[in-house]
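Down below is the structure, laid out as structure tokens.
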Amino acid sequence: MKLVTMAPPGVKLSRALKTAADHDGPLPRPPRRGLWLDKRATTARLIQNSPLTPEPRQSKPLPMSTAHLTIDLDAIVTNWRALDRASASGVQTAAVVKADAYGLGVKRVAQALARAGARRFFVAAAEEGAAVRQALGPGPQINILSGHMAGDTDMIADLDLTPMLNSLDQVTRHLESLPGHAFGVQLNTGMNRLGMDEMEWEAVAPYLLDAGPELLMSHLACADEPDHPLNETQLARFHAMTDGAAVPRSLAATGGILMGPRYHFDLTRPGIGLYGGWPYEAALPVVTLSIPVVQTREIAAGQPVGYSCAWVAEQPSVIATLAAGYADGLMRTLSNTAVLWDGDTPCPLVGRVSMDLITVDITHLREVPRYLDILGPHQGVDDLADMAKTISYEILTHFGARYSRRYLEGRA
């Protein structure tokens, strides 16, 4: 077995490493560099810049000590505008930014969408709504899909959040604790997850409609399967429960938008389509994930790689070890399955995905790369999801905290 050590192209071996070759004891510690924070300048900058002022773009490449997750805010905005155009004339297009904007960072994503014209946002819980309000300031409507939960009253009131009431208990809690405060209503038309059933709605509709809800909504269970019969069933139930209510209505998320105007009503709520995921096949890709090479080694035929000897070389091979694993959101189901890319050249992941590392066969490459892409121009989130036997939502929302994040914006 031979260990291969290769510095990145154009980078010389450091003076400290040269010293180490002839040094028996520990290396001297490098001098510490001070980190200074001018609080007055920082405060002035916070006062001068509004929440929607774009942050400066990174112009220089970041060091590759950890994996880089590059998030294209321009692509997210382009996808939102395209789905806005796909929504019927006169229909408002909101944006779903729950789960930290599908794992991509709700502050930067919500600000970019607000600058593009989005004025209504949907999140899962009141705490997520607080993060969006902090990012955007007053003005945009922030809708809470889990409704008015016990303990959320002060947050809903203080931050002007709009809960989508899902049950009789939530109706009572909201109208008694926050009379006159904005709310919407979620109805169960067949998904059997959140929302009031038809009999519950019939019992309270006159009272709730008199209180002036902002929105009546439901959610399609099978919108990613346009021919599924439940789509038509839910559409008919939604009409039956809401026709004549004289309140804005919403049924369609990304998949519902693509099924046409009959599902659009007054407001659409694209989510996964903003972030480059199926079923919006025309979406621009949003994320690139580049993982640095930590070490390479040559192994002989018959030698195993990784835990449990899950992969054994059939021929002499060069194996690269990369700095990411299941602690960073790369699922173990990608073991011996996923493909990474060196430019236009695919490289198979071999062996088990471990907590911090993956191993990749780069025998066929002419040079050792500095990093390999597991998400990029040749492989999107749906491709990786197929390899992991999951869905793009799970790939996006599993991105780990150790990634260095870089946002692209303002190139258009």
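The values are calculated or read from the model by the stated rules, or taken from the named source; none is laboratory data. Since the structure is predicted, the reported quantities are computational estimates derived from the model, not experimental observations. In this analysis, Cβ positions are derived from the backbone assuming ideal geometry, glycine residues included, and neighbour counts consider all displayed protein chains.
Things worth noting here:
- Hits in the range 212-230 (condition: touching a residue at least 60 places away in the same chain (Cβ under 8 Å) and crowded, with 22+ Cβ neighbours inside 10 Å): Leu215
- Flag: Ala150 does not match the condition of being surrounded by fewer than 22 Cβ atoms within 10 Å (Cβ to Cβ), closer than 19 Å to His181 by Cβ and within 18 Å of the chain's Cα centre (by Cα).
- Residue count for the range 378-401, restricted to those that are within 15 Å of the chain's Cα centre (by Cα) and not β-branched (Val, Ile, Thr): 12
- Checking Thr233 against (1) among the polar types (S, T, N, Q); (2) crowded, with 17+ Cβ neighbours inside 10 Å; (3) in a helix (DSSP H, G or I), the condition it does not meet: (2)
- Candidates Thr189, Thr172: the one that is of a type in the set (Val, Ile, Thr) and either buried (at least 19 other Cβ atoms within 10 Å of the Cβ) or touching a Gly at 6+ places or on another chain (Cβ under 8 Å) (or both) is Thr189.
- Any chance Ala245 is crowded, with 21+ Cβ neighbours inside 10 Å and either aromatic (Phe, Trp, Tyr) or in a loop (DSSP other than H, G, I, E, B) (or both): no
- Residue in the range 300-309 that is touching a residue at least 24 places away in the same chain (Cβ under 8 Å), within 30 Å of Ala205 (Cβ to Cβ) and among the aromatic types (Phe, Trp, Tyr) present: no
- Taking first residues from the range 391-404 that are in contact (Cβ under 8 Å) with a residue 12 or more places away in the chain and partners that are assigned to a loop (DSSP other than H, G, I, E, B) and surrounded by fewer than 16 Cβ atoms within 10 Å (Cβ to Cβ), the Cβ contacts under 7 Å between residues at least 6 apart in sequence or on separate chains come to Ser404/Leu62.
- Residue count for the range 281-321, restricted to those that are within 21 Å of Leu365 (Cα to Cα), among the hydrophobic types (A, V, I, L, M, F, W, C) and either part of a loop (DSSP other than H, G, I, E, B) or under 27 Å from the mean Cα position of the chain (by Cα) (or both): 7
- Residue count for the range 107-130, restricted to those that are outside any loop (DSSP other than H, G, I, E, B) and either under 15 Å from the mean Cα position of the chain (by Cα) or within 19 Å of Thr93 (Cα to Cα) (or both): 16
- Taken together, the criteria place Asp383 among residues that are acidic (Asp, Glu), under 17 Å from Val287 (Cα atoms) and modelled with pLDDT of 95 or more.
- Scanning the range 85-106 for residues that are under 14 Å from Glu128 (Cα atoms) and part of a helix (DSSP H, G or I) returns Lys98, Ala99, Asp100, Ala101, Tyr102, Gly103, Val106.
- Filter pass, Gly105 being modelled with pLDDT of 95 or more and either farther than 23 Å from Met164 by Cβ or not assigned by TED's automatic domain parsing to the domain that holds Gly184 (or both): yes
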